[in-house]
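Read the structure below first, then the notes.
Only the coordinates and a few stated rules stand behind these numbers; no lab work does. Keep in mind that this is a model prediction, so the values were computed, not measured. Virtual Cβ from ideal backbone geometry, glycine too; neighbours counted across all protein chains shown.
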Amino acid sequence: MPLDITFTLSDHDLDHFQAVVDKAKLAIADKATPDDIVAAAGKLIAEARSADLPEYIASRLMRLEVIINMLGDTEWKLGEQERARVIGALTYFCAPEDVIPDSMPGLGYLDDAIYVELVLRELHAEVTSYEEFCTYRSAEENRRREKGLDPRVDREAWLADKRATLLSTMPKLRKASKRWRLRW
C-alpha cells in the first residue's frame with residue numbers, strides 16, 4: 001500500500017538550496033561549459049537508471065530528461081536567454097559537493113530529487129511549453145501520415161507557427177507565477 005509523505009520547505013530551506021546553487025556556480029565558473037553541465041545532468045539520470053534507488057527518488061530524477069531533451073531538440077529552437085536560464089538551473093548537478101553526498105546509501109540522491117522538483121517548478125513555463133510542442137509535433141506527424149502525406153515536407157513551416165506561439169507565451173507564464181525564484 002503506497003504512503004504519501006508531504007513536507008514543506010521553509011524560506012530558510014529554500015535559501016539553503018540557493019546558497020548551494022550559488023556555491024556550485026562559483027566552483028565551476030570558467031571550468032564547465034554548457035555541454036559539461038548538461039552532461040552532468042545526463043550522468044545523474046544514467047546513475048539513477050543503474051542504481052537501486054527508491055522510486056520516490058528515481059522518478060523525480062528521471063524528470064530531468066525532459067529538460068535535457070528540450071535543450072537538445074533542434075526543432076524546438078529555445079532562445080538563448082531561455083537556454084541560459086535552463087542551463088543555469090542544471091548547474092547544481094555539476095557541483096563537486098551537494099547537500100547530501102550521493103554515496104550515502106538510500107538517501108544520497110534525495111537532495112538531487114528535491115532540487116529537480118524545484119527546477120521543474122521554476123521552469124514550469126519552459127517545460128509545459130516544450131511538452132505541448134512535442135505533443136503537437138507527434139500528433140501532426142501522425143495526422144499527415146494518416147492522410148498519406150510525408151511529415152517531412154514543409155516540416156519547418158508547420159512547426160514554426162506552433163513553436164512561435166509557445167515560445168512567446170513562456171514569459172507571460174513565468175510572470176504570472178508567484179513562486180519562489182531560484183537565481184541562476
Original post:
Does anyone have the angle between helix 155-176 and the longest principal axis of the chain? Alpha-carbon axes, 0 to 90°, nearest 10?
Top reply: 40
Original post:
About its Cα centre, what dipole magnitude does the chain give when the only charges are +1 on Lys and Arg Cβ and -1 on Asp and Glu Cβ, stated in debye to the nearest 20?
Top reply: 800
Original post:
For segment 12-176, what relative contact order do you get, as a whole percent, if you take Cα pairs closer than 8 Å and at least 6 residues apart?
Top reply: 25
Original post:
Which listed residue (Ile45, Cys134, Ala27) has the Cα farthest towards the positive end of the charge dipole for the chain, taking +1 on Lys and Arg C-beta and -1 on Asp and Glu C-beta about the Cα centre?
Top reply: Cys134
**OP:** For helix 110-122, report the angle its Cα long axis makes with the longest principal axis of the Cα atoms of the chain; keep it between 0 and 90° and round to the nearest 10°.
**Re:** 40
Original post:
Taking R0 as 30 Å, what's the FRET efficiency between Leu173 and Ala46 from their Cβ-Cβ distance, rounded to 0.05?
Top reply: 0.45
Original post:
In degrees between 0 and 90, to the nearest 10, how far off the longest principal axis of the chain does helix 11-28 point, with axes built from Cα atoms?
Top reply: 80
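Grab the DSSP H runs of the chain that are 4 residues or longer, score each as -39,500 (n - 2.57), total them, divide by all residues and round the 222 nm result to the nearest 500 deg cm²/dmol.
Only helices count here, giving -21500 deg cm²/dmol.
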